[in-house]
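Every number here is computed from the coordinates shown, using simple stated rules; none is lab data. These figures come from a predicted structure and were not determined experimentally.
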Amino acid sequence: MLHVCMTVNGWAAYSNLDGGLLNNVPANVLVSRGCNFVIAPDVTSFDLSEFTRAEEMAVIGESTTDASIHKLKSMLSKLDSKLFS
């Protein structure tokens, strides 16, 4: 949660903002914390207020996941060869 303070007409106005406003898909944060596999669809072409386009974003997420699934299965199989047998 990001805490923001600004002055409006001489008064201090405080607000808490979701971190998604600054880093909508924080894959870089996950990688920096040691995560070795991140599925991060590119939704940067969408504005944060475009909730009506959720289905389009879901399609992008699904196709990104589909493209990554082989690599993910391969990595997981190295941990446990019986996972996908």
With no solvent term and unit scatterers on the alpha-carbon positions of region 39-85, Debye gives log₁₀ I(q)/I(0) at q = 0.24, 0.25 Å⁻¹ of -0.82, -0.86
Contour minus Cα-Cα span, S77 to D47, at 0.36 nm per residue, comes to 7.0 nm
